[in-house]
1. Roughly how compact is segment 14-54, stated as its Cα Rg over 2.2 N^0.38 Å to two decimals?
2. Per residue, how many Å² of accessible area does segment 5-72 show with a 1.4 Å probe?
3. State the percentage of accessible surface on segment 1-109 attributable to carbon and sulfur atoms; use a 1.4 Å probe and exclude ligands, DNA and RNA.
4. Reported to two decimal places, what Rg/Rh ratio describes segment 1-103 when computed on Cα atoms with Rh from the Kirkwood expression?
5. Would you list which lysines come within 17 Å of Lys65, measuring only between C-alpha atoms, while excluding same-chain residues fewer than 8 positions from it?
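The values are calculated or read from the model by the stated rules, or taken from the named source; none is laboratory data. Values in this document were obtained by computation on a predicted structure and should not be read as measured data. Accessible surface is based on the protein model in full, side chains and every heavy atom, while ligands, DNA and RNA are left aside. Shrake-Rupley method; radii C 1.70, N 1.55, O 1.52, S 1.80 Å.
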Amino acid sequence: MATDFGARGTPNGWKSKEGFLFFEIVIIGVIGILQLALPRFLKVPTSMVNIPNREYWLSDERNEKTLQTLNREMGWVFVSVLAFLIAVNHLVYQANLTDGRTLSDSFLFSVYWFPRIYRGLDVTLF
């Protein structure tokens, strides 16, 4: 099964179906566990939070709400990364179902637009 593809969408790496499925389950599982566990168990010191006007947003009266909002937004980052991985995996499956085993142009679309859409997200603290 073709699993790695060059810049032109042609395969340059192979794995067994079982190996590919195991690898993908592990990757998606680790991301899912991180998404659920990190905000609950990892308390980042406020000195390590890098946001504009940190003194204002992390003052005593706003600290808890600000950190809740940052945790919620980081959850959306994990969701978007997971959606991107699922989209790329779908393209890999589609490429392996065709005779030519090349990625479609939609791969280039997703690689080009994903970072731009992510950067365009507007995060509002309150």
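1. Numbers: Rg = 16.9 Å, N = 41, 2.2 N^0.38 = 9.0 Å.
Computed over Cα atoms of segment 14-54, the ratio equals 1.87.
2. Details: 5280 Å² over 68 residues.
Here the per-residue accessible area is 78 Å².
3. Values: 4950 of 7750 Å².
Taking all protein chains in place, segment 1-109 shows 64 percent carbon and sulfur surface.
4. Details: Rg = 19.7 Å, Rh = 16.5 Å.
Reported Rg/Rh (Cα atoms, Kirkwood Rh): 1.19.
5. Answer for Lys65, where 17 Å is the Cα cut-off: Lys43, listed by chain and number.
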